[in-house]
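Working notes for the structure below.
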There are 4 protein chains.
Amino acid sequence: MSVRVAVAGASGYAGGELLRLLLAHPGVEIGALTGNSNAGQRLGSLQPHLVPLAERVLEPTTAEVLAGHDVVFLALPHGQSAAVAERLGPEVLVVDMGADHRLADAADWESFYGSPHAGTWPYGLPELPGGRAALEGSKRIAVPGCYPTAVSLALFPAYTAGLAAPEAVIVAASGTSGAGKAAKPHLLGSEVMGSMSPYGVGGTHRHTPEMIQNLSAAAGERVSVSFTPTLAPMPRGILATCTAKARPGVTAEAVRAAYEKAFADEPFVRLLPEGQWPATASVHGSNAVQIQVAYDGAAGRIIAISAIDNLTKGTAGGALQSMNIALGLDESTGLTTIGVAP
Amino acid sequence: MSVRVAVAGASGYAGGELLRLLLAHPGVEIGALTGNSNAGQRLGSLQPHLVPLAERVLEPTTAEVLAGHDVVFLALPHGQSAAVAERLGPEVLVVDMGADHRLADAADWESFYGSPHAGTWPYGLPELPGGRAALEGSKRIAVPGCYPTAVSLALFPAYTAGLAAPEAVIVAASGTSGAGKAAKPHLLGSEVMGSMSPYGVGGTHRHTPEMIQNLSAAAGERVSVSFTPTLAPMPRGILATCTAKARPGVTAEAVRAAYEKAFADEPFVRLLPEGQWPATASVHGSNAVQIQVAYDGAAGRIIAISAIDNLTKGTAGGALQSMNIALGLDESTGLTTIGVAP
Amino acid sequence: MSVRVAVAGASGYAGGELLRLLLAHPGVEIGALTGNSNAGQRLGSLQPHLVPLAERVLEPTTAEVLAGHDVVFLALPHGQSAAVAERLGPEVLVVDMGADHRLADAADWESFYGSPHAGTWPYGLPELPGGRAALEGSKRIAVPGCYPTAVSLALFPAYTAGLAAPEAVIVAASGTSGAGKAAKPHLLGSEVMGSMSPYGVGGTHRHTPEMIQNLSAAAGERVSVSFTPTLAPMPRGILATCTAKARPGVTAEAVRAAYEKAFADEPFVRLLPEGQWPATASVHGSNAVQIQVAYDGAAGRIIAISAIDNLTKGTAGGALQSMNIALGLDESTGLTTIGVAP
Amino acid sequence: MSVRVAVAGASGYAGGELLRLLLAHPGVEIGALTGNSNAGQRLGSLQPHLVPLAERVLEPTTAEVLAGHDVVFLALPHGQSAAVAERLGPEVLVVDMGADHRLADAADWESFYGSPHAGTWPYGLPELPGGRAALEGSKRIAVPGCYPTAVSLALFPAYTAGLAAPEAVIVAASGTSGAGKAAKPHLLGSEVMGSMSPYGVGGTHRHTPEMIQNLSAAAGERVSVSFTPTLAPMPRGILATCTAKARPGVTAEAVRAAYEKAFADEPFVRLLPEGQWPATASVHGSNAVQIQVAYDGAAGRIIAISAIDNLTKGTAGGALQSMNIALGLDESTGLTTIGVAP
C-alpha cells in the first residue's frame, strides 16, 4: 500500500529536499510536482541532483493539479498556503511547510507577518510534550520553522523540568539555504563565503514568536526570548546556542538528568556523551538532532546547543516524520540519523 | 540472507563513508571495525555522523579480528593491503580500497609507489568495457583510485569509439577529503578555504599510470596522459576536465552519439542533456557520475567533464557496487543516484 | 627615523599577519624573525604570501637573536612570553601578543591557564576608557585576546553609560585561523568546511575572565559573562553577538546615543548607520571594527554586534596600533579601515 | 601633484576593488563615482568595506559627471565603454576595464560578443613582450580579461623561447566574484559552496580569442587554445593550469631557464622556487602573480600554473599598474605583492 503524494513548490530548496527524501520512502508514490514561475520546466534543470525525477515537468500550482492525492505538501512562500489548502478536501492530509498555520496567537501572526491569520494546525514537532498525540490521525500539519525546531528541542527539557527561569537568550547560525533559492545580492556566493553576519536582530525575526510559543508551553509561563539569527558560510545546517537563566539550586547533574530523560526514547535526537559537542556537519542531510548541554555556575545559566540540518529535520525531514505519524506509519520510515560527513 | 562484513580502517574518511553506505544496505551485517592508532576508541568520537554505530569500539587490524566474515573491506594506506589480504582465506571476498592491486604493470607500481608490486586483482570499475564480467564471482577486487574513476569514465567512450587520438590532457579538482584525515598543515581549513592549488604536477601523481592503463585499454594503443590534480576548497567531490585530441573527421554529433551509446544502460552514469554541465554538488553523497561532452572544432579537441563524489563513487560507493556484482546482488543495492544538494 | 623590530614566532598566523602589516608600515625596519621548530627554514616556504620576505631565514627564539631591536613582538604560545621578556632590557618595547600579561587577577590566571601568573602589563585596547593613556610611553604591552577585543568594544558603551545590568550573554563565531596553524584533525578543511560547532562552552574558554575584567571595569561592578565561542567555516573574522540585560527605563534612543558618543572620535571603530549590520567580510584584512546595536524591548536586552578580523584588529593590527601609541607615532600608521571584500 | 580620478561602475566588484586600491594610492584624488541602477545610493550601503568612502553618493554615468577628471576608469558591462569613452576628450586617460577594446580582430569581437567592434586600444599587460612600451604616455588603455591575464603570463615565456608547439590546453578555476555582483540563481552561496562546475566549455568563453591573440603574438604563429573555465567555491582568485605541447628536444632545464629569464625583472611576477606551487590564497588582495612550471617528459608537455587575484592583478590592480605606466609614475605605486593570507 502506497500513498500518493503531491508537492507544491518543487523547485525550491524545501521542495527539493522533500523530494530527495520521498524518493527513499518505501510507502509513497510521487505524484504531481508544481511550481509557479518554473511551471513547464524539467525538474532536471532545476534540481539536477534528483536524477530519477530529471524528466518530470513542473505543473502550475492549482487545486486541479493537486487534486487526487492522499497527501499534499505545500512548500510555498508564507501567506500562500491557506488559499491552496482550502480547496483541498478534508480527507486529504495537507502538510504546510510554510509559516501560515504555526502560530496560535492571531495578533502575533499579524504583527510579524502583516497579513490576516489563517488559523492554527497541529504542530509538527513530535518530540515536544504531547507532540505525537497531536499529530496522530491529523489531516492538517503545520511544519515548524527551522530555527524553532533547533531551539525548542534544545531548551524545552530545561523548562519542563523546572530548571530554567523564563529568560532565554539564543544566537543561531544558519546555512544559506535557509534563505531560499530566490537570487538576492546579499546571498551571492561572493558575499557569503568567508563571512558571518547577523540579520533580524532585536526580536524582529519571524521565528521569535514561535519559539516563545513553544518554550512558554513547556515552562507553563511566558518565556521571554532574545533571538539573534546569523548567516554562516555553509549551504546547510543550523547551530543553535541557547542559554537560559538557571533557577536557584540548579546543578549540572540535574540538568544532565533532565536532558537524558527528555530524549531517552527519541529516535532522532541524540544527546551527546559529556565532553562532545554538536557540529552541523555531523547531521548534514539527516533527520538527526545532536544536542549537548552544560551548566555554567559562574554565569548562572544553562547552555544547550543543538545542531540540525535546516532542510531536513528543520523542514522536509520534520514534515515527513510528522506525515508518518499522521498516517500511522513507523515514524522513522524514509528517514535516517546518519549524516553525510565530512 | 545477509553477508557479514568487516571494515579495516574504519576511522578514516574512506572507511567512514563505507560504513555510512553499509548502514543503508539491506543485505549486509556490519561486523568487526578496526583501526590502528585509534583501536580502543568509540566510533562515536571518531565518526560522529554515524549515530547507529556510536557505541561500537574499534579493534586492532589483525587477521584474527578480521576472520569469520564473508566480506572484508580494506581501507588502509597503500602498501598495507597485501599483507592483510594474504592472511584472509580464498573464500573471503576481499575488497581493497587502497592502491596495492590496481596496476597490472609491476614496473609502473614500483616506480610510482616505491615498494614491491603486490599483484593485480580484478578492477572494480564495472562501467569500463568488460568491467562487469571481470567482477562477477570474483573473491578479490581492486577498487580504482578516485581520479581514475572520474577520468576513465569521462574519456573511455571517446577511445572505444575511435574518436580520440592517444593524447589526453586532464586537469581535475578534488575536495580535501581525498587527501585523507591525517592532520597536515597544508590541509588545515585556514589554508584551504578560499584557495585553489595544484599538486603532483608533471605526471608525478600516483593515479597517472592507472589512468594510462584504463585509457590505453580502451584505445587499443598507448595513450599519453598529462594529468594535473588541484585541491579545491570543498570537503568532497571531483570535477575532472578531460580533453583529448580529436581524430580527423570527428564531428560533434559523432561524439554525442558515442557517449549516449556508452552510457545508455548504466545505472549510475548520467550523460546530461546538451547545454547542462556537471557540478559536484549534484552528486554529493551519491554514487552518481554526471558527464557532459563537447567537441571544440577550433582547437581540435574533445572535452569530456565528469563530476563524482570522491568518497562515494570514487571510493566507498564504487567498492560497494563492485561487491554487489561479485556477490550476485543487484548492482544498485544500497546505493543511490540522488545527491544531497544544495 | 625608523624603529628596528623583531618578531618572535614569525611562522604562525599571528606572526605572519604582523609581518604583513609591518611591511606596509613606513616607520619600521624588520629585523630578526624567529621560530622554534621552523628555525632554519626560508619564510617563503612558510608564509608564501609575504613575497618581499621570501628569502629571509628563521632564527631560533633566543635572547641573543632578539637583542638589539627597539621593539620585540612576541607571538608565542601562552606561558612562553614571560621568560623571553625577562631577558629583554627595560628600554626595549616588548609587545606580548600572547595571553601571559593580560589578566590582573593572578588567581584567575592560574585557574584558567594552570601555570604561575607572570604579571600584568598595560592593556593594548586603546578604545577602552583610559586605554590610550595607559599605553603612551609604555615599554610593555599586553595585546588583548581576539574575542575580548570584539566583545569589549561591543559592550563597554552600554556599561559606561549605565544602561546595562551586569549580566551579559555572548556568542561569538570565529574563523579557523584563531585556532592557530598547528595541524589538528578537527581543524582540517574537510572537517570545518560546511560546519559550525561550539567549543569551550560553559565559561571554560580562557578569554572569559578577560572579558569579565574589561566589562567590570566599564560597569564599575562585577559583570557576569556567559560566553560561547563557535568555530565558523571561514579562515578569518569574528562576529560577536553580545547581549546584556537592560536596566529599567532604557530606550532605543539612549542606547544609540551612548554608542555614538563612545565611538565618535575613534579612527578604527565604525558604528554603522541604523539598519545596516556588520559582516566579517567587510573588515577582512583591516583594523576596522564594525558595530551595530539594538534594543529589544520585548526581551529587555541590549544587543550589540561587532565584526573584526581576528588576526588584524584582533591580534596583529591591535598590537601595531598599540605600538604606535607607545612610540608616540600616529595611531593609524600602517593600518587601514578598508577591508578586502568580497 | 595628484591626478583626479573618476570611476564609472563604482558599485560592482571591479569598481569596488579599484576604489580599495585607489584609496591607498598616494598620487590620486578620488573624484566622481557613478552607477546606473544604484545612482543616488550611499557607497557605504553598497561597498561596506570601503569605510572612508561610506558617505559618498553614486552619481549617474554621464559624460557630464565624468568630465573634469585626469583619469576615468570604466568598469562597465561589455559593449558600454565605447559610447562613454567617445565623449571624453583625447587628453583624458581612459582606462577600460571592460572587454570592448581588447581584441584586434573585429571579426573575433563580433563573433564572440555579437555587437560591432569598438576598436583596439593599447593592451594593459605590461609583462608581455613590448607591453610597457605600448602603454607609456598612452591616453587609452584596454585592461585585459582576468583569465587572459593569468594564462598569458603563464604561457608566453614558453612561446617566446620557442619551446612550445602552437597547441595549448588550459583549464582555469575562478572565484565567484569573476561572475560579477548581479544576483543570479547559480551564483547563490547555497549553489556554489561545496561545488565545482565548468561553464563556457568548448571554446565558447569570450576570453578565448584574447588568449589566442596574446599567445600567437608571443609564438609568432597562430596558437590553438582549448580553454575550459570552472567556477570554484571561493570569492576571489584564479588558478590557471596551462599546458602546451613541447617542441622536440625540450628539457626541464631549458624550460626553467626561459621562465627565469622572462620574469627576472618583473615587480609583480614571482616564479616560485622549484618544488613550490602557487595557491590563490597567497595572492589574495595583491597584485602578485605566482607562477611555477614543469616539464612532463612522458606526456611531452610543458605545464605552467599561475595564481592571481582575479579582482586585483586580474582587473583593478592591473588597471592601476597600467595607469601608473601611462602617467609616468612608478609602476608599483599603490600596489603590493603581499597577499592577505590565510
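State the antiparallel share, in %, of DSSP beta bridges confined to chain D, rounding to the nearest 5.
Details: 26 of 56 bridges.
Of those bridges, close to 45 percent are antiparallel.
Close amide H partners of C:THR61, meaning residues 5 or more places away or on another chain with modelled amide H under 5 Å apart, are C:GLY35.
Structural descriptor for chain B: relative contact order 17 percent, calculated from alpha carbon pairs under 8 angstrom and at least 6 residues apart.
Remark: the stretch B:91-104, residue by residue, has Karplus-estimated 3J(HN,Hα) of 7, 8, 7, 10, 10, 8, 7, x, 8, 4, 10, 8, 8, 7 Hz, where x stands for each Gly or Pro and the curve is 6.51 cos²θ - 1.76 cosθ + 1.60 at θ = phi - 60°. Peptide A:178-187 has a mean shielding of 4, counted as Cβ atoms of other protein chains within 10 Å of each residue's Cβ.
For chain D, set up a Gaussian network in which alpha carbons nearer than 10 Å are linked by springs, and say which option among D:ALA182, D:ALA63, D:ALA54 fluctuates the most. Result: D:ALA182 has the largest fluctuation of those listed.
Provide D:ARG56, A:ARG270 ordered by accessible surface of protein heavy atoms (probe 1.4 Å), highest first. Don't jump to the answer; show the numbers that get you there.
Values: D:ARG56 75, A:ARG270 40 Å².
Heavy-atom accessible area, descending, gives D:ARG56, A:ARG270.
Put B:ASP309, B:ASP265 in order of accessible area, highest first, and with a 1.4 Å probe you get B:ASP265, B:ASP309. Distances from C:PRO116 to itself in the other copies, using label points 7 Å out along the Cα-Cβ axis, amount to 5.9, 7.8, 8.6 nm in increasing order. From the largest down, the stretch D:32-185 spans 54, 39, 32 angstrom on the principal axes of its Cα atoms. Separation of the alpha carbons by more than 24 angstrom is noted, of C:LYS261/C:LYS313; A:LYS261/B:LYS181; C:LYS181/D:LYS181; A:LYS139/A:LYS313; B:LYS184/D:LYS261; B:LYS139/B:LYS313, for A:LYS261/B:LYS181; C:LYS181/D:LYS181; B:LYS184/D:LYS261. Taking amide H as placed 1.01 Å from N in the peptide plane, the amide H of C:ALA54 sits under 5 Å from none that are at least 5 places away or on another chain.
Placing a label point 7 Å from Cα along the Cα-to-Cβ direction at C:GLY220 gives distances to the equivalent points in the other copies of 4.2, 8.4, 9.4 nm, listed shortest first. Across the stretch C:215-222, computed HN-Hα scalar couplings (Karplus, 6.51 cos²θ - 1.76 cosθ + 1.60, θ = phi - 60°) run 6, 5, 4, 5, 7, x, 7, 5 Hz from first to last residue, x flagging Gly and Pro.
Given the stretch A:6-76, report the % of alpha carbon pairs whose separation exceeds 17 Å.
Working: 818 of 2485 pairs.
When every Cα pair of the stretch A:6-76 is considered, 33 percent fall beyond 17 Å.
Of the residues C:MET211, C:MET97, C:MET193, the one that moves most in a GNM of chain C with alpha-carbon contacts below 10 Å is C:MET193.
Solvent-accessible area of B:HIS186, all protein chains in place: 110 Å² (probe radius 1.4 Å, heavy atoms, ligands and nucleic acids excluded). Close amide H contacts of A:VAL28 (hydrogens built in the peptide plane, cut-off under 5 Å, sequence separation of 5 or more or a different chain): A:VAL3.
In this Cβ point-charge picture (+1 for Lys and Arg, -1 for Asp and Glu), the protein assembly as shown has a dipole of about 0 debye about its Cα centre. Qualifying trypsin sites (Lys or Arg not before Pro) in the stretch B:170-254, where qualification requires a DSSP coil assignment and no more than 11 other C-beta atoms within 10 Å, comprise B:ARG222. Here the stretch B:1-133 carries DSSP beta bridges of which approximately 5% are antiparallel, counting only pairs with both residues inside. Using θ = phi - 60° in the Karplus curve 6.51 cos²θ - 1.76 cosθ + 1.60, the 3J(HN,Hα) couplings for the stretch C:27-40 round to x, 10, 10, 7, x, 5, 10, 10, x, 10, 5, 9, 4, x Hz; x is entered for Gly and Pro. Taking every alpha-carbon pair under 8 Å whose residues sit at least 6 apart, the stretch D:156-297 reaches a relative contact order of 33 percent. Among B:LEU272, B:LEU43, B:LEU33, the residue with the largest mean-square fluctuation in a Gaussian network model of chain B, with springs joining Cα atoms closer than 10 Å, is B:LEU272. For chain A, what log10 I(q)/I(0) values come out of the Debye formula at q = 0.09, 0.10, 0.16 1/Å, with one point per alpha carbon and no solvent? Debye intensities relative to I(0), on a log10 scale: -0.45, -0.56, -1.47.
For D:ALA83, the distances from its label point to the matching points in the remaining copies are 3.9, 7.2, 7.4 nm, ordered from shortest, with each point set 7 Å beyond Cα toward Cβ.
Can you say what percent of the DSSP beta bridges in the protein assembly as shown, counting only those with both residues inside, are antiparallel? Round to 5. Roughly 45 percent of the DSSP beta bridges within the protein assembly as shown come out antiparallel.
Using the alpha carbons alone, the radius of gyration of the stretch A:147-308 stands to its Kirkwood radius in an Rg to Rh ratio of 0.98. Among the chymotrypsin sites (Phe, Trp or Tyr not before Pro) in the stretch B:146-241, those placed in a DSSP loop whose Cβ has at most 15 other Cβ atoms within 10 Å are B:TYR199. Whole-percent P(r), the stretch C:95-152, all Cα pairs, 5 Å bins from 0: 4, 20, 26, 27, 16, 6, 0. Per residue, chain D reaches -7000 deg cm²/dmol at 222 nm when only DSSP H runs of four or more residues are counted, each adding -39500 (n - 2.57). Inter-part distance, the stretch B:290-342 to the stretch C:212-276, computed on C-alpha centroids, equals 51 Å.
Taking a quarter of the surface of the convex hull around the Cα atoms of the protein assembly as shown, what do you get in nm²? Kindly include the intermediate steps, with their values, before the conclusion.
On the way: hull surface 194.0 nm².
One quarter of the hull surface, i.e. the mean projection, equals 48.5 nm².
The values are calculated or read from the model by the stated rules, or taken from the named source; none is laboratory data. This structure is a prediction, so every number in the text was calculated from the model and none was measured. Neighbour counts run over all protein chains shown; Cβ positions are idealised from the backbone, glycine included. Note: areas computed on protein heavy atoms with side chains; ligands, DNA, RNA excluded. Shrake-Rupley method; radii C 1.70, N 1.55, O 1.52, S 1.80 Å.
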